[in-house]
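Here the structure comes first, spelled out in structure tokens, and everything after it is commentary.
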Amino acid sequence: MTTSDFTLIMAPLQGFTDVTFRNVYAGHFSGMNEALAPFIATMGHERINPARIRDVDLKDNQLLPVTPQILGNSAQDILFLARHLAGMGHALVNWNLGCPHSKIAKKKRGSGLLMFPEIIDSLLEALVSQMPVPLSVKIRLGRKDKAEIHDLIRVLNRYPLDHVILHPRTGIQMYRGTADQDAFEAAMQASIHPFVYNGDITDTAAFSTVRRRFPGIRRFMIGRGILANPFLPEEIRGISTDPVRRLTRLRAFHDDLMTAYAGRFSGPGHLIGRMKGFWHYLGHCFRDHPKPVKKILRSPSLEAYCAHVAELFDTSELFCPDS
Ligand SMILES: Cc1cc2nc3c(=O)[nH]c(=O)nc-3n(C[C@H](O)[C@H](O)[C@H](O)COP(=O)(O)O)c2cc1C
């Protein structure tokens, strides 16, 4: 296996992988080739949320090429947003058919549409002939049952999609259990479209397993794995950093991320809220992490947060791939 015959895509993680994160990440780590942005929900009545649109402004996304993602269930609204995104210069848009959250799914958005292949069929029918740019979809195996994937693939096969990204869990499963690689394989074999693999690539061993299992797949999407170990794409590509330098690099990444968010958020509450979110994942990089990371997560003020983060970086060691 050479290091350049596959593409690594940063998964959309709403509340994490926004433009600020993507840029700071790409400034500190290599190995990731592109990103799919967290979803932009359609608003109806030809309205657009400027803050959400700014996230995919091409001039701010030069370090890591980004594809925008749309969450919606009205062909008219999806087309309106797709045309706006194409007008901004995007050459591809993705439709979110996987979001598992019940508040969204109940409104027949995200994975809530997967139980209704006939609705997806009529939406695609209305969309594909009028899309200003090619469309890809990001799906799960179904909303409630893995078997829903069969009808879904039959519907998708009727339309010229750029590719299909499959995270092989059901919607109601959320993130429980493991990604079902047998179901992924069956869906891929039944599909006429190129597939992107997504789900549970958390270390090099997990990557090698999916790589071996699906030799025809060239594009892999990684989400939580890079939040928990930002070095993962470099490790997958065989780029190694010695343990001391890893700690210094991680600290510099954290500090730049915090500075970037400090310039974006209005109060310290927002800032520490956002940074604590990362620690739910990033804490796993550290040996003996539970106690010091708990202190970070419980920090009542920015001062306490900074002190606890400094203490962790000053006194802890990182897990290393070969340790
Ligand atoms: C906090 C969080 C936010 C997410 N936001 C999105 C989103 O905006 N759009 C989307 O398609 N998937 C979203 N996902 C799903 C991920 O993109 C990905 O499919 C899932 O995490 C499985 O990949 P992983 O095991 O590599 O993390 C989100 C997942 C998490 C945990």
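Full extension of the chain between Arg245 and Lys59 gives 63.8 nm of extra length, using 0.36 nm per residue less the Cα-Cα distance.
Out of every Cα pair in segment 1-127, what percent are spaced more than 24 Å from each other? Don't jump to the answer; show the numbers that get you there.
Numbers: 2552 of 8001 pairs.
Everything past 24 Å amounts to 32 percent.
When +1 charges are put on Lys and Arg Cβ atoms and -1 charges on Asp and Glu Cβ atoms, the dipole computed for the chain relative to its Cα centre reaches about 680 debye. Atom-type composition of the exposed protein surface of segment 1-67 places 53 percent of the accessible area on carbon and sulfur (1.4 angstrom probe). Helix 204-213 and the longest principal axis of the Cα set of the chain meet at an angle near 20°.
Taking every DSSP helix (H) stretch of at least 4 residues in the chain, weighting each as -39,500 (n - 2.57) and dividing the sum by the residue count yields a mean residue ellipticity at 222 nm of -12500 deg cm²/dmol. Computed over protein heavy atoms with a 1.4 angstrom probe, the accessible surface ordering of Lys106, Lys294, largest first, is Lys106, Lys294.
FRET efficiency for the Arg176 to Glu311 pair, using the beta carbon distance and R₀ = 41 Å, is estimated at 0.80.
The residues Arg251, Arg237, sorted by heavy-atom accessible surface at 1.4 Å with ligands and nucleic acids left out, run Arg251, Arg237 from largest to smallest. A full extension of the chain between Ala75 and Ser129 corresponds to an added length of 18.3 nm, given 0.36 nm per residue minus the alpha carbon distance.
For helix 75-87, report the angle its Cα long axis makes with the longest principal axis of the Cα atoms of the chain; keep it between 0 and 90° and round to the nearest 10°. So the helix axis and the longest Cα principal axis differ by about 60 degrees.
Send over a whole-number figure in Å² for the accessible area per residue of the chain, probe 1.4 Å.
Values: 14500 Å² over 323 residues.
Accessible surface, normalised per residue, equals 45 Å².
DSSP beta bridges confined to the chain are antiparallel in about 5 percent of cases. Taken over the alpha carbons of segment 27-81 as equal point scatterers, the Debye sum produces base-10 log I(q)/I(0) values at 0.21, 0.23, 0.25 Å⁻¹ of -0.79, -0.89, -0.99. The angle separating the long axis of helix 268-282 from the principal Cα axis of greatest extent in the chain is about 80 degrees. Overall, the anisotropy analysis places segment 176-218 in the oblate class: the square-rooted eigenvalues a ≥ b ≥ c of its C-alpha gyration tensor yield a/c not less than 1.5, with a/b not exceeding b/c. A simple spin-label model places pseudo-atoms 7 Å from Cα toward Cβ; at Cys320 and His270 they are separated by 4.0 nm.
Extension gain Arg213-Ala252, at 0.36 nm per residue separation less the Cα-Cα distance, in nm? The partial results should precede the final answer.
Details: separation 39, 0.36 × 39 = 14.04 nm, distance 3.62 nm.
So the chain would gain 10.4 nm between Arg213 and Ala252.
Take the Cα coordinates of segment 145-219, assign each an equal point scatterer, and use the Debye formula without solvent to give log10 I(q)/I(0) at q = 0.11, 0.18, 0.19, 0.22 Å⁻¹. Rounded to two decimals, the profile gives -0.27, -0.73, -0.81, -1.05. Taking Gly72, Gly199, Gly89 in turn, the Gaussian network model of the chain (Cα-Cα springs below 10 Å) assigns the largest fluctuation to Gly89.
Counting only protein heavy atoms and a 1.4 Å probe, tell me what percentage of segment 268-323's accessible area is made up of carbon and sulfur.
Numbers: 1790 of 3140 Å².
Carbon and sulfur: 57 percent of the exposed surface of segment 268-323.
Calculate, for Ala190 and Lys295, the FRET efficiency according to 1/(1 + (r/R0)^6) with r their C-beta to C-beta distance and R0 41 Å; round to the nearest 0.05.
Numbers: r = 50 Å, r/R0 = 1.21.
With R0 = 41 Å, the Cβ-Cβ based efficiency is 0.25.
Listed cross-link partners Lys59/Lys138; Lys108/Lys138; Lys144/Lys276 are compared with a 20 Å cut-off, the Cα-Cα value being larger for Lys59/Lys138; Lys144/Lys276.
With N residues in the chain, what two-decimal value do you get for its Cα radius of gyration over 2.2 N^0.38 Å? Please report the intermediate quantities before stating the final value.
Numbers: Rg = 20.0 Å, N = 323, 2.2 N^0.38 = 19.8 Å.
So the chain has a normalised radius of gyration of 1.01.
Computed on protein heavy atoms with a 1.4 Å probe, the accessible areas place Arg246, Arg47 in the order Arg47, Arg246, largest first.
The values are calculated or read from the model by the stated rules, or taken from the named source; none is laboratory data. Because the structure is a prediction, the values reported are computed rather than measured. FYI the Cβ positions are ideal-geometry reconstructions off the backbone, even for glycines, and counts take in every protein chain you see. Heavy atoms of the whole protein, side chains included, go into the accessibility calculation; ligands, DNA and RNA do not. Shrake-Rupley method; radii C 1.70, N 1.55, O 1.52, S 1.80 Å.
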